[in-house]
1. Going by the structure shown, is L86 in a helix (DSSP H, G or I), modelled with pLDDT of 95 or more and of a type outside the set (D, E)?
2. Given the criterion in a helix (DSSP H, G or I), of a type in the set (D, E, K, R) and open to solvent by 40 Å² or more (accessible area, probe 1.4 Å), identify the matching residue among R107, R137, R76.
3. Look through the range 110-122, keep the residues that are more than 19 Å from T166 (Cβ to Cβ) and part of a loop (DSSP other than H, G, I, E, B), and return whichever of them is most open to solvent (accessible area, probe 1.4 Å).
4. I'd like the residue in the range 177-210 that is at pLDDT 95 or above and of a type outside the set (A, V, I, L, M, F, W, C) and, out of all such residues, is nearest to the chain's Cα centre (by Cα).
5. Can you tell which of C151, C155 is in contact with a Phe, Trp or Tyr (Cβ under 9 Å, 6 or more places away or on another chain) and closer than 20 Å to E217 by Cα?
6. Output the residue which, of all residues in the range 82-104 that are surrounded by fewer than 17 Cβ atoms within 10 Å (Cβ to Cβ) and within 15 Å of the chain's Cα centre (by Cα), is nearest to T143 (Cα to Cα).
Amino acid sequence: MDDTQPSSARGLRRAILAVLAVQAGIAALLVAIDLVSVVPRPGVSPGSADPSVRPYVPDRHPAGPDAPRGRPMADRLAFDGTGDRLNVSGQIAPGDAERMAQELSLRSEAGEPVRIVNLDSTGGSVRDALAIGRELREREIDTGVADGAICFSACPYIFAGGVERTVAQGGRLGVHQHYFGENTFLPAFMAVNDIQRGQAEVMAHLRAMGIDPALLEPAMRTPPGEIYILDRQELVEFRLVTSDD
């Protein structure tokens with residue numbers, strides 16, 4: 001180092017180098033998080049496919065015998081049903097939490113308060129899902145995933161809001177990593193802050209709803225382009241269901 005440089009200049013240079021070192025370390029952390037998804041899971045030999053993990057396409061329901069490519073999913077939540085049952089299907093779009101609250105209020109004002117919400121969703125906006133889950137718990141509404149229905153990605157955070165929670169034998173509930181920010185081109189330290197805030201919010205939600213936060217472990221090891229399907233034992237162990245019908 002040039003000893004003729006003023007001490008303030010040397011100090012500024014050291015500060016800049018320190019910031020760059022921290023940025024590099026955080027970037028390495030983000031890469032490590034991504035690599036978690038390719039680490040072999042317990043009980044799964046290297047090179048073999050995990051039967052619990054499936055491809056994830058947010059705008060389509062999983063393929064089936066009657067729909068080889070899967071049927072399209074609405075780009076925002078749709079509501080139907082009569083009496084005390086409300087069927088909620090489609091992707092979770094920003095603003096859907098407010099729409100859901102309005103739907104529940106309208107039905108209550110009409111003398112038909114909702115007692116159970118049946119879900120069939122590929123997920124979407126995490127923050128709206130969390131808000132809907134809290135709304136359901138405040139209104140003491142039950143949740144369910146019927147035979148042939150799914151609840152993927154952010155949808156389980158809605159499901160968690162139910163007082164009583166059931167998943168039919170032919171229903172599927174799945175989790176994976178989420179994007180919490182709108183802009184994917186953020187500096188590393190801002191991306192980490194966004195992820196940490198989002199994960200903390202999800203963990204607090206799960207605890208408040210009585211769900212085991214360990215649910216985040218299979219979620220965080222599954223990349224966004226795939227979905228981890230929880231088996232019956234996991235649904236019970238994570239306390240997602242209140243009745244294993």
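The values are calculated or read from the model by the stated rules, or taken from the named source; none is laboratory data. What you are looking at is a predicted structure, and each value in this text was computed from that prediction instead of being measured. Every residue, glycine as well, gets a Cβ built from its backbone with ideal geometry; the counts of neighbours run over all protein chains shown. For the accessible areas, the whole protein counts, side chains as well, though only heavy atoms, and no ligand, DNA or RNA atoms are used. Shrake-Rupley method; radii C 1.70, N 1.55, O 1.52, S 1.80 Å.
1. On the way: in a helix (DSSP H, G or I): no; modelled with pLDDT of 95 or more: yes; of a type outside the set (D, E): yes.
Judged against the criteria, L86 is not a match.
2. Values: R107 fails: open to solvent by 40 Å² or more (accessible area, probe 1.4 Å); R76 fails: in a helix (DSSP H, G or I).
Answer to the check: R137.
3. Step by step, filter the range 110-122, then rank; the result is E112.
4. H205
5. On the way: C155 fails: in contact with a Phe, Trp or Tyr (Cβ under 9 Å, 6 or more places away or on another chain).
Unique residue meeting the criteria: C151.
6. A93
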